[in-house]
1. Under a crude label model (7 Å from the Cα following the beta-carbon direction), how far is S63 from T18 in nanometres?
2. Which order do peptides 44-52, 4-12 fall in by mean Cβ count within 10 Å, highest first?
3. Could you please report the charge total around E16, scoring K, R as +1 and D, E as -1 over all other residues with beta-carbon less than 10 angstrom from its beta-carbon?
4. Which net charge results for the neighbourhood of Q45, defined as the other residues with beta-carbon distances under 15 angstrom from its beta-carbon, given Lys and Arg at +1 and Asp and Glu at -1?
5. Using a basic spin-label model with each label point 7 Å from the Cα along Cα→Cβ, how many nm lie between T80 and I44?
Amino acid sequence: MSDPGRKDFSTKMEEEMTPDSSKSTQQKLKETFTSTGDKIARGIQPDGQKSTTQDASDKFGRSKDEHVHGGSGESIMDKTKNALGLGDKH
């Protein structure tokens, strides 16, 4: 079960398990769009306000993103603020 407006864990797994070669361009675009929206929601909503399953799914997703893409340990909000020049100026 997922929180309102969020991608369900089973949907995420189905998307991951289906090879890109068997997806249409429309499916790939939809997945990209919905995944981006889900990642933004993941960063905005505090962990304490999430359901247990959504919290676990988000932690797994952050861990995967960190491993696959490397990372600075910054949240999406911090990265956005820094990209706009509004971040911490130490």
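A short reminder: the numbers here are calculations on the coordinates, not readings from a lab. Everything quoted here is computed from the prediction, not taken from an experiment. Cβ coordinates were reconstructed from backbone atoms using ideal geometry, including for glycine residues, and neighbour counts include every protein chain displayed.
1. Rounded to a tenth, the inter-label distance reads 2.6 nm.
2. Values: 44-52: 10.9, 4-12: 14.7.
Put in order of decreasing packing, that is 4-12, 44-52.
3. After counting each charged neighbour, the total is -1.
4. Every neighbour counted, the sum reads +2.
5. It is 0.6 nm.
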